[in-house]
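Values quoted throughout were computed directly from the atomic coordinates according to the rules given, and no laboratory measurement underlies them. Being a predicted model, the structure only gives us computed values, none of them experimental. Note that each Cβ is placed from the backbone with ideal geometry, even for glycine, and that neighbours are counted across all protein chains shown.
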Amino acid sequence: MKKIVTLLVLPLVVIAGLTIWYREGLLPVDKNAITNEIFVIHPGEGVATIAKNLESEEFIRDRVVFYLVVKQLGIEKSIQAGDFRLNRSMSTTEIANELTHGTIDVWVTVIEGLRKEEIAEAVAKKIPISTQRFDALVEEGYLYPDTYLIPKEASEEVVADLLKKTFNERVVPLYEQSTMKNNYSLHEVLTLASLVEREARTLEDKRMVAGILLNRLELDMPLQIDATIQYALGYDAQGKRWWKEHLTAADLKLDSPYNTYLNTGLPPGPIANSGLDTLRAVLDPQESDYLYYISDSNGTNMHYAEDYETHQDNIERYLNR
């Protein structure tokens, strides 16, 4: 009889304990708190990580309860990345709901190799800025690609200053510490880096391409880079993109200082905004006797040549099959 009673009572005790634990976990950490504090969710963080961080920063009592609340409410996919003003007087349910709409800043990712107009468009998808106003405030090549936490109501000036400030902090010291500054100005280095950014993918290939372009500059050979013409052509209305995909024979004759088929030397300025790896590659290029390079048809492998005949063989072998 006692065993039967025990078997009947034990589940009730467990259920009661779980109920108390769950209700305790829903309560505010400090019901008398009056100060809001900032809590940050980084891009890509899942509910488990968010719950762990909320608990460690003492915004919630129990991470498991928070996780269960999110699942119960069905808001897992609605939680935003950004930063939030939270108060420890808020219940777990209130905090969970706040994370779906209460962000005060948003994450904006600026990838490498974009021209400033593309950066403006990327920012405008997250923050209501004027792309034309932003373009007028910034200089091509002087914007640092990174992931930024930007206030929702930021003006064009605030966003531009943030990207330029990061550029000055990350890029300028790198240039100042290099030996490249003895032969090339910062503007020239940024211009060269922007060409390499559009031409190569891996750090190894970027260093090699940078060395090849420097070889061509020393010999006063045209750089012959399609991306410079794509930049000069601007927005391709037919293809609905900034970088025209297929250049024509007429495009290669475009009358522009950015046409590196018709003009020797570097173009007047950068054609895109480069990442740190590319800048490092340009500041520490791979020395070689190569003067030519191509990327194979799938864009994954580079092939190099010291002379035009070998270069043509590479084209036949890797592009015209």
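What to note about this one:
- Expected 222 nm ellipticity per residue - DSSP helices of 4 or more, -39500 (n - 2.57), all of the chain, to 500: -14000 deg cm²/dmol
- In terms of distances greater than 30 angstrom between alpha carbons, the cross-link table entries Lys164/Lys240; Lys126/Lys244; Lys77/Lys165; Lys206/Lys253 yield Lys77/Lys165.
- Across the options Ile271, Ile20, Thr191, the greatest Cα extent toward the positive end of the charge dipole of the chain (unit charges at beta carbon of Lys, Arg, Asp, Glu) belongs to Ile20.
- Near Glu57, once Lys and Arg are set to +1 and Asp and Glu to -1 for all other residues with Cβ below 15 Å from its Cβ, the sum equals -3.
- Paired Rg and Dmax values of the range 51-154, which use every Cα atom, in angstrom: 17.5, 50
- Based on the reciprocal of the average 1/r between different C-alpha atoms, the Kirkwood radius for the range 179-321 equals 15.6 Å.
- Among Glu156, Glu117, Glu45, the residue with the largest mean-square fluctuation in a Gaussian network model of the chain, with springs joining Cα atoms closer than 10 Å, is Glu45.
- Each residue of the range 160-170 was assigned a 3J(HN,Hα) from its phi angle through the Karplus curve 6.51 cos²θ - 1.76 cosθ + 1.60 (θ = phi - 60°); the sequence is 4, 5, 5, 5, 6, 4, 5, 4, 5, 7, 9 Hz, with glycine and proline shown as x.
- Convex hull of alpha carbon positions in the range 105-159: directionally averaged projected area 3.1 nm².
- Per-bin percent of Cα-Cα distances, the chain [10 Å]: 5, 20, 22, 17, 13, 10, 6, 3, 2, 0, 0
- Charge tally for Ser155 (other residues, Cβ to Cβ under 13 Å; Lys, Arg +1; Asp, Glu -1): -2.
- Alpha carbon centroid spacing (whole Å) that separates the range 72-139 from the range 271-318: 37 Å
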